[in-house]
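To start, the structure itself, in structure tokens.
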Amino acid sequence: MKDFNLTLFAEVSLSKIISDRGRIPWNISEADYHFRKRTLNHPCIMGRGAYEYFLEKFGQPFDRRGNIVVSRTGEVSRANDIVLVRTLKDALVEAQRQTEYYPTDIAYVIGGKKLFDIAISLPQTRCLEVLWMNKHYSGDLKFPEIDYNIWKEVSRIPMNAVSFTRYSRK
């Protein structure tokens, strides 16, 4: 199997909020477009709660991406077109397997908070891609602190409602 890298992709408010009661507290089409553009043709690892939210918002699992869902209980509301695993370690094995037939060496971790908290420290995580909302939002879950002793900002693209920022491991 070839080597692969993890990239965390998150939409984050200026107040570092990523969720409010299981929902992303904004609905910005520019953010949805950028998310799709970046993650297309890549394996995407997500927790059960994130999967359930995306399923409700979009009506189906993501097309043209590997949908790898981590659920400790092994249960989700709809298991079509996904690979269901119980641990992040199992998700990483599956993501590496999927990079064999996607034209990429990158797998994305796209939420939720528990996976972000773990994955940001993994040696396979080489990049953070953060869509910073250009506004403060309230909510109950925050993105993990970015340790600037470990991560450096390599690019920032301001857009209308968001700024796309890439960080790489030093």
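Things worth noting here:
- Single residue of region 106-130 satisfying the filter (over 9 Å from the mean Cα position of the chain (by Cα) and in a helix (DSSP H, G or I)) that is nearest to S15 (Cα to Cα): K113
Yes/no per residue for (1) at pLDDT 95 or above; (2) in contact with a Gly (Cβ under 6 Å, 6 or more places away or on another chain); (3) not charged (D, E, K, R):
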| position | (1), (2), (3) |
| --- | --- |
| E11 | yes, no, no |
| M46 | yes, yes, yes |
| K57 | no, no, no |
| G66 | no, no, yes |
| V76 | no, no, yes |
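- The set of residues from region 139-161 being among the aliphatic types (A, V, I, L, M), over 24 Å from K114 (Cα atoms) and in contact with a strand residue (DSSP E or B) (Cβ under 8 Å, 6 or more places away or on another chain) comprises V154, I157, A161.
- Take the conditions (1) in contact with a Ser or Thr (Cβ under 9 Å, 6 or more places away or on another chain); (2) open to solvent by less than 50 Å² (accessible area, probe 1.4 Å); I82 misses just one of them, which is (1).
- Scanning region 51-86 for residues that are under 15 Å from I110 (Cα atoms) and either over 17 Å from the mean Cα position of the chain (by Cα) or of a type in the set (S, T, Y) (or both) returns Y51, Y53, S71.
- All positions within region 1-49 that are part of a strand (DSSP E or B) and under 19 Å from Q98 (Cα atoms): N5, L6, T7, L8, F9, P43, C44, I45, M46, G47
The values are calculated or read from the model by the stated rules, or taken from the named source; none is laboratory data. The structure displayed is predicted, hence computed values, not measured ones. Please note: Cβ atoms are built from the backbone with ideal geometry, for glycine as well, and neighbour counts cover all protein chains shown. Just the protein is used for accessible areas: all its heavy atoms, side chains included, with ligands, DNA and RNA removed. Shrake-Rupley method; radii C 1.70, N 1.55, O 1.52, S 1.80 Å.
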